[in-house]
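The values are calculated or read from the model by the stated rules, or taken from the named source; none is laboratory data. These numbers come from a predicted model, not from an experiment. Quick reminder, even Gly has a Cβ in these numbers, built from the backbone with ideal geometry, and neighbours come from all protein chains shown.
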Ligand code: NDP
C-alpha cells in the first residue's frame, strides 16, 4: 500500500482550515488539506458576508472561500478532494484513511472539520427532509417562488435565512420559541422592517403535515410555549435554523471533547489533549463561531504546529 506522509495534515477547508493551510505553507511545512464533506465549509451555503474585515462592500460567502483556498494553493498547500473516514490519533505518526481508500500519515494534525446544522429530530421532519424541509435557504430557497415558508429559530442563521427567503417566497413566517431574538440587532431591524416576514413568538414546531400519498408539505402544527395551545399554519416549506453541532464523530473516544462534542483545547491555544493534534474553528469554539475567529484560530493552529515540529521532530 502506498502511504503518503506529510508534516501537517489539515482536516477541513473552511476559514480555519484554509488559514491554517496558508500559514503552515508559508512556514515551509507543505501541508495537505483534506477538503471534507462540505468543501469551503458553512460559508459556501450562505450569501452576503458583511462582517469579514477587508471588504467594504458585501461579498459572497462561496467567493470568499474560493479566494481562501486559491490563496492556500498559491503558497504551496496540497489539496485533496475527499473525506477522512477513519483515523488513528493514538499512533505516531497519526493515520488517516480517506473515502477513496487512500492512507496518509502525519507528524501533526489540525482538525478544522467545523460544524453542521442541527435538526429538531421529530419524525415528520425526517419524513419531509428534501421534500419541503431544509436547513439551507441558500440551497433550496429557489424552490419556493411565490410560496409560503416558515423558518424555525431565533439566531443569526434564522434571521438571515428568513431575509434571504423573501427573494422568493410570498410570505415568510419566523417561528421562535421565546419572545426575544438572539440575532444581532442590525439583522433584527431588517427583519422587523420587512413586510413579507411575520414573526410568531413563543411557539415550537410540533409536526409537519403533508398531502396524502405525496411528499409535499401542506401545513405545520405549532405549540405555544406559554399556554400549550396548538395551532395550524398552511404553508409549503419549512427551514430549520436552530444552531449547529460540531463535526467530531470521527474522533470519538480518541480525543477529549465536552458533553456537546466540541473538541477541548488548552487555554489560549489550539492544543488538544493529544500532543501534535490541534483543533481550530467551529469544531472547538462554541462561543464566537465567526468566520474571522475561525480564521484566527486556524492561524494559531499552524503556528503551534510549526513550533511543535521544530521542538520535537
Ligand atoms: P444560535 O445557537 O445562535 O441560535 C439558535 C436559535 O435556535 C436560537 O434562537 C434558539 O433559541 C433556537 N433553537 C435552538 N434549539 C431549538 C429547538 N430545539 N427548537 C426551537 N428553537 C431552537 O445558532 P445560529 O445557527 O443562528 O448561529 C450560530 C453562530 O453563528 C452564532 O454565533 C451566530 O452569531 C453565528 N452566525 C453569524 C452570522 C453573521 O454574523 N452574519 C450568520 C449566521 C450565524 P433560543 O434563542 O431560545 O436559545
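Residue 66 meets all of the listed conditions (1) away from the ligand (no atom under 16 Å from the Cβ); (2) in contact (Cβ under 8 Å) with a residue 12 or more places away in the chain; (3) more than 22 Å from the chain's Cα centre (by Cα); (4) assigned to a helix (DSSP H, G or I) but one, namely (3). Comparison of 89, 64 shows that the only residue that is touching a strand residue (DSSP E or B) at 6+ places or on another chain (Cβ under 9 Å) and under 30 Å from residue 253 (Cβ atoms) is 89.
Only one entry of 108, 113 meets the criterion of being touching a helix residue (DSSP H, G or I) at 6+ places or on another chain (Cβ under 6 Å), under 20 Å from residue 272 (Cβ atoms) and assigned to a loop (DSSP other than H, G, I, E, B), and that entry is 113.
Listed here are the residues, each with its yes/no results for (1) more than 15 Å from the ligand (Cβ to nearest atom); (2) modelled with pLDDT of 95 or more.
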position: 129; (1), (2): yes, no
position: 155; (1), (2): no, yes
position: 171; (1), (2): yes, yes
position: 180; (1), (2): no, yes
position: 190; (1), (2): no, yes
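Based on what the data block shows, is residue 158 under 23 Å from residue 123 (Cα atoms) and under 22 Å from the mean Cα position of the chain (by Cα)? When the stated conditions are applied, residue 158 passes them. The residues in the stretch 157-169 that are more than 15 Å from the ligand (Cβ to nearest atom) and surrounded by fewer than 22 Cβ atoms within 10 Å (Cβ to Cβ) can be counted, and the count is 3.
The lone criterion from (1) within 13 Å of residue 17 (Cα to Cα); (2) within 16 Å of the ligand (Cβ to nearest atom); (3) surrounded by 16 or more Cβ atoms within 10 Å (Cβ to Cβ) left unmet by residue 279 is number (2).
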